[in-house]
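What follows draws every value from the coordinates through simple rules; no lab data is involved. What you see is a predicted model, and the numbers here were worked out from it, not measured in a lab. For neighbour counting, all protein chains shown are included, and Cβ atoms are generated from backbone atoms with ideal geometry for every residue, glycine included.
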Amino acid sequence: MSLFKNVAITAIFIQNFFFGAVFYTYLYFLPIYYQNVRQYSTLKSAFLILPLVLTQSVASFLSGQYISRMKRYGEVITLGFVLLCLGVSLTTLFDETISVPKIIGILIVLGYGNGNVFQPTIIALQAHARKSQRAVVISIRNFLRALGGAILLAVSAAVLQNVLKANLPLEFKYLAGSTYVKPNYASFDPQDAAAIKAAYAKASRAVFILLSPLSGICLITCAFVKDIGLIRPEEKEAMERQKREEEEEAKRNEETKGENQMSRYDTEQDLEKGVAPSTTDEIEDLEMDKHSDNEVEKADDHGVAELPIASR
């Protein structure tokens, strides 16, 4: 439970719960929209999921390169949730007439947002958690993401069925009992087929609208995730402790150096005044200085004595 006392880690857990809800709901309900509303085949529905997953792969690669080079992840995650909110909001435009290029463009925005969130949140968790907690935070993150998806899939299914039932013509209410079965529009007259298709479009749109505030929660919680770089807390503490120790050692060296200089200055002042040194260290220093002076004098005398010999 100590992990949940960390504000940044708790915020990332919340983000992953709602991100999982959004991510898995789209993977499940986009094909239903394609087949029930747009009457696309299974193959074409799968093909139209590719803009989402391929863009996510590219964004994951690019975000990883950015984080490894810049040693930062905050702006990557924020950008991801901004694009996620934008993409989710744009999917509310999906109806029975929107063009395929527009669908692909919206899914590219959504996929790029997913790619900037899916793996970078793991890096953020590792940065804020201690090394001993790394496996635990990743496991909790994966569990919460899957839990969010499971809960929202159930809620979205209920929303889809109820909205569909409310908008179907009275004589076609029975279709709500098999919500996920593709209607055979060819068996209805054009007017009834259009009404049924409109009901399915409103039901799918209700699901996409449900996801919009969830992506907004993810974006808001970015304010509580501080980018502290890629250094783990214990490594940062060790570096700060080493820096303090080095500063303290440098300070002690400066103080010792200052004391030595002051002591030497006082000794020189005493000698100039003719006052005998009072400490053993000062006496030894003076004897060493006197010995050095004698050696210099002997060297000078030896050099003078040898000059006549050298001249002869």
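One table, with the values for the structure above:
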| item | result |
| --- | --- |
| Residue-span extension gain [T42 to Q65] - 0.36 nm each, minus C-alpha spacing | 4.7 nm |
| Karplus-derived 3J(HN,Hα), 6.51/-1.76/1.60, for each residue of the stretch 86-95, Hz, glycine and proline x | 5, x, 5, 5, 5, 5, 5, 7, 5, 9 |
| Packing-based ranking, highest mean first, of 144-152, 244-252 given that Cβ atoms within 10 Å are counted | 144-152, 244-252 |
| Volume per residue that the Cα convex hull of the stretch 2-119 spans, once the total is divided by residue count, Å³ | 102 |
| Cβ-defined net charge surrounding V117, 12 Å radius [Lys, Arg +1; Asp, Glu -1] | +2 |
| Relative contact order (%) - the stretch 2-230, alpha-carbon pairs under 8 angstrom, separation at least six | 39 |
| Rel. contact order, % - alpha carbon contacts under 8 angstrom, at least six apart, the stretch 73-143 | 40 |
| Modelled FRET efficiency - R0 41 Å, S132 with Y180, Cβ distances, 0.05 increments | 0.35 |
| Under Karplus coefficients 6.51, -1.76 and 1.60, residue-wise ³J(HN,Hα) of the stretch 203-211 in Hz, glycine/proline x | 5, 5, 5, 4, 5, 5, 5, 4, 7 |
| Rg(Cα) / (2.2 N^0.38 Å) computed for the stretch 69-128, rounded to two decimals | 1.36 |
